[in-house]
Structure formats: C-alpha cells, structure tokens
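Chemist: Provided herewith is a single structure, encoded as structure tokens, for subsequent inquiry.
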Amino acid sequence: MLQILISACLIGENCKWDGSNNRNQDVLNFMKKMEGKAKFHPVCPEQAGGLPTPRAASEIHMPDEAVMNTEGEDVTAEFLLGADFALREAKKYDCTIAILKERSPSCGSNGIYDGTFSHKLREGMGKTAALLAGYGLKVYGESRLKELEAVINSGELT
C-alpha cells in the first residue's frame, strides 16, 4: 500500500495562516478513490514548526530565501523545523509521495509567492516541499491529482 503525506489544510483541518483551511473536494475525492491503495498521513509543517494558528501570513523573500511574515518577523527557523518534522513523518510512515498545498511557503511545489505579498508567483518550492523532494519523495500539488492518479494506476510507484 502506498503511503502518502498530505497537507492537513487540504483535507479540512483549520491550520491555514488565517485560522481557516484549504479544504479541497478534489483531494477528498482522490482519497476516496485511493481507498485500499493508499494511506494518507496529514501534516501541517507550519504548526509543527511552532507557529500559532492563526498567524501572520508569510512568504519566502529573495535573494536570501528567508521566510518573512507580514509583521516583518523572520520565521525561517520555524519553517525549517516544520519541514524537518514533515520529513520525519514521511520517513516514519515510509511515504514515497506527498500531496502539498500549492503556492505555500512551506508546501508549494510548482511556484510560490514572490515575497512581496502582492500575490505574484515566482519559480521555486516551499521549505517543506524542497526538503521532501530532496529526499526523493514525489511531490504533487492539488492541481496535479489526475496526473498522480494515472501514475498510481499505471503501477509505476508500486
């Protein structure tokens, strides 16, 4: 059975920076389709790194890659602690795949906000996504579920 790490906010946990969630019906439908094929392990790296909920919004600034929040605080250490926690969880459950929230400074895997808090995207990965990918996990954002499903059904990941 596949073991998949998943952003807790995508399944409806209120761990998003503003105290809400990013509940995604496509993600929930995917999880239902994968019953018997995959087990899911939710994680919120930002909470795991010690940040409260709610908390000030954060983005990764250039060129130093520091994670700064809207209050001007450097929260890079908390983001790195959370990424390390997510990696430990992935190792604990032998996860080979992660489904992570797109554009997040923790979980974004195919572009993140540019650090100006202006909703502009740039190339790059969030701290958790980058660490997991560096350790060989296949990282997917929620918009790539059909691609992931095709890969799983083809048997390429088993």
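A short reminder: the numbers here are calculations on the coordinates, not readings from a lab. Values in this document were obtained by computation on a predicted structure and should not be read as measured data. FYI the Cβ positions are ideal-geometry reconstructions off the backbone, even for glycines, and counts take in every protein chain you see.
Chemist: Mind checking which residues of the range 97-127 are closer than 17 Å to Asn21 by Cβ, outside any loop (DSSP other than H, G, I, E, B) and of a type outside the set (A, V, I, L, M)?
Modeler: Across the range 97-127, the qualifying residue is only Arg103.
Chemist: Can you name every residue in the range 141-158 that is assigned to a helix (DSSP H, G or I), surrounded by 12 or more Cβ atoms within 10 Å (Cβ to Cβ) and in contact (Cβ under 8 Å) with a residue 24 or more places away in the chain?
Modeler: Glu142, Arg144, Leu145, Leu148, Glu149, Ile152
Chemist: Can I ask one more? When only residues in the range 77-96 that are within 22 Å of Gly111 (Cα to Cα) and in contact with an Asp or Glu (Cβ under 8 Å, 6 or more places away or on another chain) count, which is surrounded by the most Cβ atoms within 10 Å (Cβ to Cβ)?
Modeler: Among residues in the range 77-96 that are within 22 Å of Gly111 (Cα to Cα) and in contact with an Asp or Glu (Cβ under 8 Å, 6 or more places away or on another chain), the one surrounded by the most Cβ atoms within 10 Å (Cβ to Cβ) is Gly82.
Chemist: Only one of these conditions is not met by Thr53: (1) under 26 Å from Phe117 (Cβ atoms); (2) over 17 Å from the mean Cα position of the chain (by Cα); (3) part of a loop (DSSP other than H, G, I, E, B). Which number is it?
Modeler: Going through the list (1) under 26 Å from Phe117 (Cβ atoms); (2) over 17 Å from the mean Cα position of the chain (by Cα); (3) part of a loop (DSSP other than H, G, I, E, B), Thr53 breaks only (2).
Chemist: Still on this structure: Working only within the range 1-33, note down all residues that are surrounded by 19 or more Cβ atoms within 10 Å (Cβ to Cβ), aliphatic (A, V, I, L, M) and within 12 Å of Ile97 (Cβ to Cβ).
Modeler: Ile4, Leu5, Ile6
Chemist: Further question on the same structure: Within the range 1-38, can you find the residues that are assigned to a loop (DSSP other than H, G, I, E, B) and of a type in the set (D, E, K, R)?
Modeler: Selection gives Glu13, Lys16, Asp18, Arg23, Glu35, Lys37.
Chemist: So which of Glu78, Glu89 is under 16 Å from the mean Cα position of the chain (by Cα), more than 20 Å from Pro63 (Cβ to Cβ) and free of Cβ contacts under 8 Å to residues at least 60 places away in the same chain?
Modeler: None of the others qualify; the one that does is Glu78.
Chemist: Taking the range 56-75 as the region of interest, how many residues are crowded, with 16+ Cβ neighbours inside 10 Å, in contact (Cβ under 8 Å) with a residue 40 or more places away in the chain and not hydrophobic (A, V, I, L, M, F, W, C)?
Modeler: Qualifying residue count, the range 56-75: 3.
Chemist: Filter the range 129-140 for residues that are out of contact with any Asp or Glu (no Cβ under 9 Å at 6 or more places or on another chain) and part of a helix (DSSP H, G or I); which is surrounded by the fewest Cβ atoms within 10 Å (Cβ to Cβ)?
Modeler: Among residues in the range 129-140 that are out of contact with any Asp or Glu (no Cβ under 9 Å at 6 or more places or on another chain) and part of a helix (DSSP H, G or I), the one surrounded by the fewest Cβ atoms within 10 Å (Cβ to Cβ) is Gly134.
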